[in-house]
Structure formats: C-alpha cells, structure tokens
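The values are calculated or read from the model by the stated rules, or taken from the named source; none is laboratory data. Being a predicted model, the structure only gives us computed values, none of them experimental. What goes into the accessible areas is simple: the full protein's heavy atoms, side chains included, and nothing from ligands, DNA or RNA. Shrake-Rupley method; radii C 1.70, N 1.55, O 1.52, S 1.80 Å.
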Amino acid sequence: MRHVSFIAALLLLFTFDLPGQTPTGTMQGVVTDQTGATVAAAKVSVVNLGTNEKKDLTTDTSGHYVVPFLTPGTYSVSISATGFTGAKETNIKIDVAQNREVDFALKVGAVSEQVEVQASLTPLDTETSTTGQLIDSRKVVDLPLNGRNPFSLATLVPGVNNVGNASTPHIGGSRNAVNEEQLDGMTNILPENNVGNNVSAYTPIVDSVQEFSVQTNSLAAEYGRFGGGVINLVTKSGTNEWHGGLFEFQRNA
C-alpha cells in the first residue's frame, strides 16, 4: 500500500490541469489551383487587422491549413505559392467559438501578382453541428439593459428563457443548473451554485464586452459535461488604436 501511495503521489506531481475553454475562434480552409487540385506547401499569413499580430504557416500535403486560437476580431489572409498569383482576402470576421472556412483558388501566374478580395458577411458555419447565435458588440451597446447585465441579452436567442433570478437562463427546455457560463475561457459559475446557478462569479460591465455566443444544442466535445447550453462571453482585448468610452447611468425611483 505504501508503494502504491508513493506512485500515486508521484503521478500527481506530473499531472497538468486541463486548460479552460479558450474564448477564441478558428479559421481553416483549402488552397487549390484553377483545376481544383490542391496546392501543398503554400505559404499562409493571417493578420489581425486590429493589432497587426501575424501568424505564418504552410498548407499540408492535401492543401489544408488550420489556424486555431484566434482572438475574436477582423483578419486578413494572404496566400502565396511558387508559380501562382498571390491571393488575399480581407475583413474576415472571426467570432468567439466560431470555426470559419476560408478557401482559396490560385491562378497560374507570377508570384509578384496578387488578387485581393473583400470578405462577405459571415457565412453559415458548416464545420460544426452546434446550433446557437452570436450576440455582437452592437447589440450589447445599443439595446436597453435593465441593470446593465450583458448576460440578459441571451434571451434574444430562440429557445432561451429567463426564469426567476438565476445567473443563467433556461436553455432548450433544460434546467439552468446544467448550463455553463464562461468569461474569457473560464467558468463563471460558482461551485456552491451547481444546484440552481443562482449567482455568477462576475458580471462584466457592458462597455468591456466584445461579444458572446449562446450555444443551445448539439454542443461540441469540449462542452460534453453540460446537458443544457453554453454562454461564452469574451471581453475586449484592445487594438493598436486609442479608444475609450464615457457613459452616465441614472435610475430614478
């Protein structure tokens, strides 16, 4: 028994905590030529237009590329490959918990040439079976909020109902105790409230919220232990431009 206890204690020293769900998005796609054949080893550059943060990678042997853990924001993607005209797509919006597909079809030509296009509106997410809706910053700022609690806007999503004074609403007909509420990738549910979720750990001020998603059904594997829905809120991370806000909040008797 002493030997077993020693081994168990030793294993604990090398046990790492599973990181919380990241409040990020993912971009992926396929690079092909005009005939539809995939282009391997193409250079891919992804740039955050707000911070100029850049990530460089290359496509694999099947022409695929994947860029995980992207901070929600607006991006540009540049593609270059030997013997092909370069391609660039800008104003690609990545939302929290989104998996966005951005494909490229390169034309034969000089590398010095480049075709640039503007991204369209956020397309239908076909990379996941999860259903839900995004509450973007414009809704958070412009819509009236009694008490300035941004989580109250979750009831804009079909299937979400706020009953009583619980910290999370009822999602998809389930009890609110089986929901998850995350703030910048960490759970916002206090451990003593697992029965009714009556109190959140922290309610962010409205002006600090960038956006949040409400997932109502068919949750991804990382949310597997929850039987209801997931509210995933991300706060503003800042950009290279100075910005701020000023507001006055007055409630009469």
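If you scan segment 54-76, which residues turn out to be assigned to a loop (DSSP other than H, G, I, E, B) and either modelled with pLDDT of 95 or more or farther than 18 Å from GLN210 by Cα (or both)?
THR59, ASP60, THR61, SER62, GLY63
Go through segment 29-53 and count every residue that is at pLDDT 90 or above and open to solvent by less than 40 Å² (accessible area, probe 1.4 Å).
12
Go through SER208, SER237, SER213 for me and flag whichever is open to solvent by less than 20 Å² (accessible area, probe 1.4 Å) and at pLDDT 80 or above.
Every option except SER213 fails the conditions.
Quick check on segment 137-153: of everything there that is hydrophobic (A, V, I, L, M, F, W, C) and not in a helix (DSSP H, G or I), which residue is farthest from the chain's Cα centre (by Cα)?
LEU145
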